[in-house]
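Bear in mind these aren't lab numbers, they're just calculated from the coordinates by the rules spelled out. Note that the structure is a prediction, hence the values are computed from the model and not measured. As a convention, Cβ positions derive from the backbone with ideal geometry for all residues, glycine included, and neighbour counts pool all protein chains shown.
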Amino acid sequence: MIIIKIGGGQTIDLDNIIIDLKELKEPYIIVHGGNYVFDNLIKELGIKKKLLTSVDGQTSRYTDQEMIDTMLMSYAGYMNKTIVTKCQQSGINAVGLTGLDGKLVRGKKHKAILTVEHGKKKVIRDDMTGTVEEINVNLLKTLIKNSYVPVITPPVLSFENEIINVDGDKIALYIARELKADTLLFLIEAEGMLKDVNDSKSVIPIIKKTEIEEYLMYAKGRMKKKLLVSKWALENKIERIIISDGRTNQPITNALHNKKGTLIQ
């Protein structure tokens, strides 16, 4: 079983990814983002995006009801159905789902978030984000058994039946763990994990589990989160994590055969 997380950047080549999916012989599930479409949509709607900075320096999107509504339009609407359509056109019988459908992904809403704003700590209590807690494994197994390919995106459902925003990488991780996948593949807008973000040739080909903490110093932006997710994935018995380029020809084949990207194991 392979879990493939497709990033939501502008230059991700969905056509080449889906062409390559047809070559896979083992079952797989797609999890995807939609950040580029989301950002464009909020600009068109005149909505201002607000970022929250945690005490350890990581940033996340402040999510209110307006942001949730926009996510439903961009992630669950345009991006999800675009990927499903491209899959169907290539002969892949895909089913598009959010975490809401069939209680596929359930989570715990954050009661409060400690942030830093203008150098001062601030508690945010109305943010509609949360953590992934449960995966509806029976639903996924039923779809796979009947030859459907699940295509999954945030948002998800809280235990209080509210819509909450969670990190798509975490959805991919929890699905991989619950289905005992052997591979978790991230397709991103970079050649892999770079030692120097300004040098595309500085790809780190292999990172051992015991070395992840050492490489966090090279990780910028969301790459730091991906390294931490990779560490958790290995701790949860997933054999290998691959971070590779989603903009190239045969991105999945090259990643799985260690020809491109960064292998973490």
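So Leu157 ticks every box in (1) free of Cβ contacts under 8 Å to residues at least 60 places away in the same chain; (2) out of contact with any Lys or Arg (no Cβ under 6 Å at 6 or more places or on another chain); (3) buried (at least 21 other Cβ atoms within 10 Å of the Cβ); (4) under 23 Å from Ala76 (Cα atoms) but one. Which box is left unticked?
If we test Leu157 against (1) free of Cβ contacts under 8 Å to residues at least 60 places away in the same chain; (2) out of contact with any Lys or Arg (no Cβ under 6 Å at 6 or more places or on another chain); (3) buried (at least 21 other Cβ atoms within 10 Å of the Cβ); (4) under 23 Å from Ala76 (Cα atoms), just (2) comes out false.
Mind checking whether some residue in the stretch 197-206 is exposed (fewer than 14 other Cβ atoms within 10 Å of the Cβ) and closer than 24 Å to Val31 by Cα?
Looking through the stretch 197-206, at least one residue is exposed (fewer than 14 other Cβ atoms within 10 Å of the Cβ) and closer than 24 Å to Val31 by Cα.
Determine, yes or no, whether Leu173 is in a helix (DSSP H, G or I) and surrounded by fewer than 24 Cβ atoms within 10 Å (Cβ to Cβ).
When the stated conditions are applied, Leu173 does not pass them.
For Ser90, are the conditions met, namely being farther than 20 Å from Val166 by Cα, of a type in the set (Ser, Thr, Tyr) and touching a residue at least 40 places away in the same chain (Cβ under 8 Å)? Reasoning before the result, please.
Values: farther than 20 Å from Val166 by Cα: yes; of a type in the set (Ser, Thr, Tyr): yes; touching a residue at least 40 places away in the same chain (Cβ under 8 Å): yes.
In short, yes.
Residue by residue, here is whether (1) crowded, with 18+ Cβ neighbours inside 10 Å; (2) touching a Ser or Thr at 6+ places or on another chain (Cβ under 8 Å); (3) closer than 30 Å to Leu143 by Cβ holds:
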position	(1), (2), (3)
Asp20	yes, yes, yes
Gly33	yes, yes, yes
Tyr36	no, no, yes
Gly46	no, no, no
Lys49	no, no, no
Thr53	no, yes, no
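Considering the stretch 101-125 alone, what residues qualify as being part of a loop (DSSP other than H, G, I, E, B), more than 20 Å from the chain's Cα centre (by Cα) and under 30 Å from Val137 (Cα atoms)?
Hits for the stretch 101-125 are Lys111, Ala112.
In the stretch 162-195, which residues are more than 24 Å from Tyr36 (Cα to Cα) and more than 15 Å from the chain's Cα centre (by Cα)?
Glu162, Glu178, Leu179, Lys180, Ala181, Asp182, Lys195
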